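Bear in mind these aren't lab numbers, they're just calculated from the coordinates by the rules spelled out. Bear in mind that the values here come from a model prediction, so they are computed numbers and not experimental data. Methodologically, a virtual Cβ is constructed for each residue, glycine included, from the backbone with ideal geometry; neighbour enumeration extends over all protein chains shown.
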Amino acid sequence: MDFSSFDLAALLPFIGVGFAAQLVDGALGMAFGVISNTLLVAVLGVPPALASQRIHLVECFTTATSGISHLLHGNIDKKLFFRLLVPGVIGGVLGAYVLTSLDASVVKPFVLAYLSLIGIYILARGLFWPPKIKEAKLIAPLGLFGGFLDAAGGGGWGPVVTSNLLIQGADPRKVVGTVNAVEFFLTLSVSAAFIWHLGFADLAGPTLGLLIGGLLAAPLGAWVAKHFNPKTMLVLVGIVLTATSVYGVYRAWG
């Protein structure tokens, strides 16, 4: 990596993007990819393919930091973690394997439309029906589907898994922390071959900025998740999930 031409001023916008996206993702369990991609492409003018490549690499590091931070703050449910981990990784590997033969772009708008409705429901529930915490029952199939969609469709682990666990009544703080922690292993398993071929040279420049911002925000996001009450978290998750899903449907069908 050549540091002789290191320009901090040029990295600041990318550090800001990484920080904002990871702060939301760490606190609410979703939206790093959507927020990063939107800001990089729409605001900073980065080509979509290059933006996706950079986000994919950076997530391998931010999810690790976020998972450790949630662990230190006591936001992880160990039983839920292991019940999500194995099916999530299996789904991710399967999704990566069939990616070349599956046109995920056809399915993704329908999933996003579904998530938009889920977001509205979660928002309404947070505003009008205070959540009653109970143990989630449907976990393994959810992890399998979330992992598959994340790999084959270019994202979806957080929105799919977090939102559905919240609908089942699980503790929002534990859901966000656990889903973030499992995502590291999912991202690592799906991205191993990609990183092997890409190498670490691409950490220079804008990707380094995204990485710095994401790593700085990860501990803060875990702290925020710990201190939000369940009703506030439901409302915020509902808003973020609805906004990002509606935007995704607009981009796919607009």
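Would you mind checking the pairs Lys78/Lys132; Lys132/Lys231; Lys132/Lys174 and listing those with alpha carbons more than 18 angstrom apart?
Over 18 Å Cα-Cα: Lys78/Lys132.
Multiplying the residue separation of Gln168 and Ala243 by 0.36 nm and removing their Cα-Cα distance gives an extension gain of 24.9 nm.
Between Leu12 and Val86, the modelled label-to-label distance comes to 5.1 nm, taking each label 7 Å out from Cα in the direction of the beta carbon. In this simple spin-label model, placing a label point 7 Å from the Cα along the Cα-to-Cβ direction at both Leu216 and Ala124 gives a separation of 4.0 nm. A crude spin-label estimate for the pair Lys137 and Leu44, with each label 7 Å from Cα along the Cβ direction, gives 4.5 nm.
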